[in-house]
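No value in this document is a laboratory result; all are computed from the given coordinates. All values derive from a computational prediction rather than experimental measurement. Positions of Cβ are generated from backbone atoms using ideal geometry, with glycine treated the same way; all protein chains shown enter the neighbour counts.
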Amino acid sequence: MDKLLLLGDEAVALGAIDAGLSGVYAYPGTPSTEITEYIQASKEAKERHIVSDWSANEKTAMETAIGMSYAGKKAMVCMKHVGLNVAADAFVNSAITGAHGGLVVVSADDPSMHSSQNEQDSRFYGKFAQIPVLEPSNQQEAYDLTRYAFDLSEKYGTPVMVRLTTRLSHSRAGVVRKETKAQNRMSLPSDLKQFILLPSIARKRYNVLLAKQEAFSEEGIQSGNNVLYEGSDKSMGIIASGIAYNYLLENFPDRDIPYPILKISQYPVSRKLIKNLYDQVESLLILEEGYPIIEEGLRGTLDEGKTIRGRMDETISFAGELNPMKVKKALGMQTNEGYTVPEILEARPPLLCDGCPHWDSFGALNEALKSYSGGRVLSDIGCYTLSALPPLDSINSCVDMGASITMAIGAAEAGLVPAVAAIGDSTFTHSGMTGLLDAVNRKAPITVLLMDNATTGMTGGQDSSGFGKLEDIILGLGVEKDHLKIITPLRRHHDENVAVFKEELAYEGVSVIIARRECIQTLARRMKLKHAKKEETVS
Amino acid sequence: MKKDIILAGVGGQGILTIATIIGTAALSEGLQLKQAEVHGMSQRGGDVQSHLRLSSKSIASDLIAEGSADMIISVEPMESLRYFNMLNTKTGWLVSSINPFNNIANYPDVEQILAEIWKLPRYVTIDADKIAKDQGTVKAANIVVLGAAAPFLGLQYTSLEGAIKKIFGRKGEFLVNVNLNALKAGYDFAQQKMQKSTI
């Protein structure tokens, strides 16, 4: 059969479609975005009426997926690792309710923080919730394990996590597709109280979850996802999980690895399997992408057993993603060296696009703030975070989605008046609205710069949940009409925009200034499409 | 056959198009491939790279190991320097455009950048913008660079032509021809340079 050239993300998407998916729920986030986008663009997904609209945030996505599972259909929810923090309440509790229709949670981690604010490891969340976690090592496994995740979920009535990392999410390779399974019909759980987590029911459900743990680790062996390969050199045994396994293989071009190897793609890992390896070798090397979760378990608190090497003893640096060379060094093999990078090389950080409305929004804000002392702009997550860099140097914080407004309240209540919150439209509807309600209720002296570029720009221009509704939302939350201003961030409106900012900064209550102009990228794309359509009709 | 290629440039310069053309050509020859890309924040005018790996055998890692790349193909001169540590010092070729993409305040002197490249034993530096303009559009500069890299890719030239026809086919005959000509012009330039250096 022909191989399809797919990103790891796309392989997950196709695996889900072929597993009989009925709905994918997600908020965009690098490196997970392309999963949902693939399903949105898929003709087959359309024919199968697979729901794939973006959700307002990861929590609403997770809950909607639980609802679809409750009603008996297969649901998938996708997010980046920090999105799982947002969804965590629903996620952890879904382990207690269990699943009815297959429920798969995909979390894409970003070790080395290519596009993120931390490198947290989602496998910890899986362990925390006590549900199975699958960790594909390549694109084919991403496809196969996503299909398997739905089977596992329905077999045990449990949510299942698929954990990806950037280098798998965003790398292409050939994938062989298997048959497409039927979607589920709507059906309700046999126990209609299963999803009511009243303490009396939750206690029972928790025991149900605990009772499945042994079977979960046995599944990892039966499925063939965790395999022990024999090796003649017993001086060292290697445990390699997820894509770390590829980096191990890479260092043996003829695949002639002399050591016993335990390849792990599924958690929890059977104690039997680990003991089998441990007993036959003198020492162990643990290769895992992300935090040392397997390694920590093996060492235990006392760490008095055989020699174990990994990230915790700095055989491999604790921070940062793995690569073939780090693994080669850990194996004690001679590494290749390239040429020395010339000293004249300069860094080239990303920057706002030419013509981006954020240039003009921050240009005006910077000028309006000149008469105040610095350090007043609490910001948020989006392209506009790049205004932290020269020449704008506009903002003073970026912590998590929606934190601009709430941090501004706290700073204002500590005496920083005026405090400014700078947030984008998509981030505002993701997690900023509740913070604005707090501000209104407390009459906090803050000025909110709401940059409405009509899209989720940073992740490539996905639909923004609040499109066309922002004024209604803001007024509905109780912001006074006189202190809701709308400006057009353009160079030629600079002076009047500065005047609006100055006026609202002086007001000792909640102001919202919407700076409204379409993202230059989505505008260009729209114009190109329009042009192409015109040409089509002409010819 | 094994070729490990680092593609380098600035977000928006079209390195993924180069990757797609090489990838399509490689698949048409029955080769295996892996291609790691950069998505997300860095695409906004920052440095971007792609690891493209071709092989007649199965490929394990999505990333190329340091000091192991057979080629660096860069559509921007300073960006080619960023991956010097990746290049195999015994066999590696560096192919780069000489046209700077200057969006930073402290961009180094272009002559100094080229001097660093010219210290390498195997390189092609090419005025891709000028050659692309001569073929009809400066937008095809990335394809000119690909053409200059073509002699070292280990792929049939006709496979690359076939890939361009397949990829640009939907966009019309004009664009197909512009890109085929750009590929040829880059290819000829590299061939001439190689002949000169062997004399």
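Segment A:465-502: which GluC sites (Glu not before Pro) are DSSP loop and have at most 16 other beta-carbon atoms within 10 angstrom?
Here the GluC sites (Glu not before Pro) that fit, given the DSSP loop and packing criteria, are A:GLU480.
Just tell me how shielded A:163-175 is by partners: mean number of partner chain Cβ atoms within 10 Å of each residue's Cβ, no decimals.
Average neighbour count from other chains, rounded to a whole number: 5.
For B:LYS90, list the lysines whose Cα falls under 17 Å from its own Cα; do not include residues on the same chain fewer than 8 positions away.
The qualifying lysines are B:LYS2, B:LYS3, B:LYS119.
When chain B is modelled as a GNM with alpha-carbon springs shorter than 10 Å, which of B:SER58, B:SER96, B:SER80 fluctuates the most?
B:SER58
With a ≥ b ≥ c the root eigenvalues of the C-alpha gyration tensor of segment A:227-330, is it rounded (a/c under 1.5), prolate (a/b larger than b/c) or oblate?
Judged from the Cα gyration tensor, segment A:227-330 comes out rounded (a/c under 1.5).
Might you report the magnitude of the Cβ-based charge dipole of segment B:123-199 about its Cα centre, with Lys and Arg at +1 and Asp and Glu at -1, to the nearest 20 debye? Write down the numbers at each step before the final one.
Values: 10 positive and 6 negative charges, 32 e Å.
Its charge dipole is roughly 160 debye.
If you plug each phi of segment A:388-399 into the Karplus form 6.51 cos²θ - 1.76 cosθ + 1.60 with θ = phi - 60°, what whole-Hz ³J(HN,Hα) values come out, in order, with x for Gly and Pro?
With coefficients 6.51, -1.76 and 1.60, one gets 5, 8, x, x, 6, 6, 8, 10, 10, 7, 7, 10 Hz.
How do A:SER371, B:SER159 rank when sorted from fewest to most other Cβ atoms within 10 Å of their own Cβ?
Fewest-to-most Cβ neighbours within 10 Å comes out as A:SER371, B:SER159.
Could you list A:TYR38, A:TYR245 in order of exposure, starting from the residue whose Cβ has the fewest other Cβ atoms within 10 Å?
Taking fewest neighbouring Cβ atoms as first place, the list is A:TYR38, A:TYR245.
Rounded to whole Hz and in sequence order, give me ³J(HN,Hα) for segment A:40-56 from the Karplus expression 6.51 cos²θ - 1.76 cosθ + 1.60, θ = phi - 60°, writing x for Gly and Pro.
4, 8, 6, 5, 4, 4, 5, 4, 8, 6, 6, 6, 8, 5, 5, 9, 5
Among the aspartates and glutamates, which have Cα under 13 Å from the Cα of B:LYS165 when same-chain residues fewer than 8 positions away are ignored?
Within reach: B:GLU173.
Long-range amide H contacts for B:VAL48: which residues qualify at under 5 Å (H placed 1.01 Å from N, peptide plane, sequence gap of 5 or more or a different chain)?
B:GLY9, B:VAL10, B:GLY11
Given the -39500 (n - 2.57) contribution per DSSP H run of 4+ residues, what per-residue ellipticity at 222 nm results for chain B, rounded to the nearest 500 deg cm²/dmol?
-12500 deg cm²/dmol
Under the definition of partner shielding as Cβ atoms of other protein chains within 10 Å of a residue Cβ, what is the mean value for peptide B:112-119?
Per residue, the number of nearby Cβ atoms from other chains is 2 on average.
Once you have a ≥ b ≥ c as the square roots of the Cα gyration tensor eigenvalues for the protein assembly as shown, tell me rounded if a/c is under 1.5, and otherwise prolate or oblate according to whether a/b is larger than b/c.
Judged from the Cα gyration tensor, the protein assembly as shown comes out oblate (a/c at least 1.5, b/c at or above a/b).
In terms of modelled amide H atoms, which long-range or inter-chain residues lie less than 5 Å from the amide H of A:SER171?
Residues meeting the criterion, in which the H sits 1.01 Å from N, are A:GLY8, A:ASP9, B:GLU37.
Take every residue in peptide B:101-110, count the Cβ atoms of other chains within 10 Å of its Cβ, and give the average of those counts.
3
Using a Gaussian network model of chain B whose springs link C-alpha atoms within less than 10 Å, name the residue from B:ALA69, B:ALA128, B:ALA36 with the highest mean-square fluctuation.
B:ALA36
Distance check, please: which entries in A:LYS234/A:LYS275; A:LYS234/A:LYS272; A:LYS3/B:LYS57; A:LYS155/B:LYS34; B:LYS139/B:LYS184 exceed 23 angstrom between their Cα atoms?
Numbers: A:LYS234/A:LYS275 14 Å; A:LYS234/A:LYS272 18 Å; A:LYS3/B:LYS57 15 Å; A:LYS155/B:LYS34 34 Å; B:LYS139/B:LYS184 15 Å.
Violating the 23 Å limit, Cα to Cα: A:LYS155/B:LYS34.
Sum up the lysine pairs in segment A:433-539 that clear both bars: alpha-carbon distance under 16 Å and a spacing of 8 or more or different chains.
Lysine pairs, 8 or more places apart or on different chains, close enough: 4.
Could you tell me which of rounded, prolate or oblate describes segment A:357-523, using a ≥ b ≥ c as the square roots of the eigenvalues of the alpha-carbon gyration tensor, with rounded for a/c under 1.5 and, failing that, prolate when a/b is larger than b/c and oblate otherwise?
Judged from the Cα gyration tensor, segment A:357-523 comes out rounded (a/c under 1.5).
In debye to the nearest 20, how big a dipole does the protein assembly as shown give about its Cα centre with +1 on each Lys and Arg Cβ and -1 on each Asp and Glu Cβ? Could the numbers behind the result be given before it?
Numbers: 76 positive and 86 negative charges, 326 e Å.
Dipole of the protein assembly as shown, to the nearest 20 debye: 1560 debye.
For chain A, take the longest principal axis of its alpha carbons; what is the angle in degrees between that and the long axis of helix A:520-538, to the nearest 10 within 0 to 90?
The angle comes out near 90 degrees.
Of A:ILE243, A:ILE474, how do they rank once you tally other Cβ atoms within 10 Å and put the fewest first?
Lowest to highest Cβ neighbour count: A:ILE474, A:ILE243.
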